[in-house]
Amino acid sequence: MPQNLLESLRKYTIVVADTGDIEAIEKFHPQDATTNPTLITAAAQMPQYQPIVDGVLMEARKEAGAGATDKEVANLAFQRLAIAFGKKILSIVPGRVSTEVDARLSYDTEATFAQGKSIIAQYEKAGIGRERILIKTASTWEGIRAAELLEKEGIHCNLTLLFGMHQAVACAEAGVYLISPFVGRILDWYKKETGKDYPGADDPGVQSTTRIYNYYKKFGYKTVVMGASFRNIGEIIEVCGSDLLTISPHLLAELQQTEGEMPRKLDPEKAKAMPIERIPMDKATFDAMHAADRMASEKLKEGIEGFTAALVKLEELLAKRLAELESRAPAVA
């Protein structure tokens, strides 16, 4: 019986859904799911999820107290909303969900560490163990240091917005559980820079993820690689064999609708035989490599700014919705 590319991919790679849309997760039966501020903002505007949003807002109002402004309540609610979606997702997927720390804390180790612990505490209060959660933070030097501290407390992390080898090496040295190299965003940068197309194995995002995967397997790091941010199924085909891949619903559908066999491209045994040199890593080396890699520097900055903008938009939407809810509430005599 012919199989489709999604079935073929699952022989070698754990498939993760890259969405906050619960209906899409139910459709594709992924092992895990990841969210980010942009995805949560999109999901929060879907009518079918309004009861979740409203419930979170009312709880946040109660928690913040009567004297809190709508803006203060909205700020508290957005933190709770990602966890509310996470809990719903975990009732569907058998594995883990990634929940993201506020992108505005990306350069603050202590604040990222504290919010990561707070997210885990909220899940545990709801009866969900930390083994089912990944704390997601940007792959800045400060974010990596926060993840190192969280990992030491048994809290596993997903380091996102990863574009360069220096970020990947620093994450592995810190004992981070999982990294998310952004395949498609790397491609975006090179296409804009050169005006060229990069099909198949010529794709710079594919090449970057392949280098990172081979480096990890060569030196026996436990950190796993989850390719992310794909623009087409050609990219997915080229990194088949990565430990995990997080894929958007529309590309999952395309894979499912395409018959064929997907050959394994990334293989740990082949990587171990490759002549790869180890890169010693400290802050000075990280900073120097980051400054020398214009693509990684620009895309990390852009990614943090983009997630920050999504959070600001979400807070504005939540404040507006809260005002609507409270205007309908009966006055207390």
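Quick notes
- Scan of the stretch 201-250 for residues that are over 23 Å from Val97 (Cβ atoms) and of a type in the set (Gly, Ala, Ser), ordered by number: Ala201, Gly205, Ser208, Gly220, Gly234, Gly241
- Among residues of the stretch 82-123, those that are within 20 Å of Thr246 (Cβ to Cβ) and touching a residue at least 24 places away in the same chain (Cβ under 8 Å), counted: 23
- Which listed residue, of Leu252, Leu300, Leu245, is farther than 17 Å from Ala168 by Cα, open to solvent by less than 10 Å² (accessible area, probe 1.4 Å) and either among the small types (Gly, Ala, Ser) or in contact (Cβ under 8 Å) with a residue 40 or more places away in the chain (or both): Leu252
- All positions within the stretch 278-290 that are over 17 Å from Arg145 (Cβ atoms) and open to solvent by less than 80 Å² (accessible area, probe 1.4 Å): Ile279, Ala288
A quick yes/no check of all residues on (1) open to solvent by 10 Å² or more (accessible area, probe 1.4 Å); (2) touching a helix residue (DSSP H, G or I) at 6+ places or on another chain (Cβ under 8 Å):
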site	(1), (2)
Val176	no, yes
Pro181	no, yes
Trp189	yes, yes
Asp202	yes, no
Val206	no, yes
Glu238	yes, yes
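- Applying the set (1) under 24 Å from Phe230 (Cβ atoms); (2) out of contact with any helix residue (DSSP H, G or I) (no Cβ under 9 Å at 6 or more places or on another chain) to Pro47 leaves exactly one unmet item: (1).
- If the condition is being without any contact (Cβ under 8 Å) to a residue 60 or more places away in the chain and open to solvent by less than 40 Å² (accessible area, probe 1.4 Å), then the stretch 61-81 contributes Gly65, Ala68, Leu76.
- Here Ala66 meets each of (1) outside any loop (DSSP other than H, G, I, E, B); (2) farther than 17 Å from Ile92 by Cα; (3) over 15 Å from the mean Cα position of the chain (by Cα) with one exception, condition (1).
- Per-region count, the stretch 258-275, residues under 25 Å from the mean Cα position of the chain (by Cα) and open to solvent by 70 Å² or more (accessible area, probe 1.4 Å): 2
- Restricting the stretch 31-59 to residues that are more than 15 Å from the chain's Cα centre (by Cα) and part of a loop (DSSP other than H, G, I, E, B) leaves a set whose member that is nearest to His250 (Cα to Cα) is Met46.
- With respect to (1) part of a loop (DSSP other than H, G, I, E, B); (2) under 24 Å from Ser106 (Cβ atoms); (3) not hydroxyl-bearing (Ser, Thr, Tyr), the lone exception for Glu305 is condition (1).
- Counting only strands (runs of 3 or more DSSP E) that sit completely within the stretch 96-165, those holding 1 or more residues that are on the phi > 0 side of the Ramachandran plot and surrounded by 24 or more Cβ atoms within 10 Å (Cβ to Cβ) correspond to 157-162.
The values are calculated or read from the model by the stated rules, or taken from the named source; none is laboratory data. As the structure is a prediction and not an experimental result, all values here were calculated from the model. Positions of Cβ are backbone-derived with ideal geometry, glycine not excepted, and every protein chain shown enters the neighbour counts. Only protein heavy atoms, including side chains, enter the accessible area calculation; ligands, DNA and RNA are left aside. Shrake-Rupley method; radii C 1.70, N 1.55, O 1.52, S 1.80 Å.
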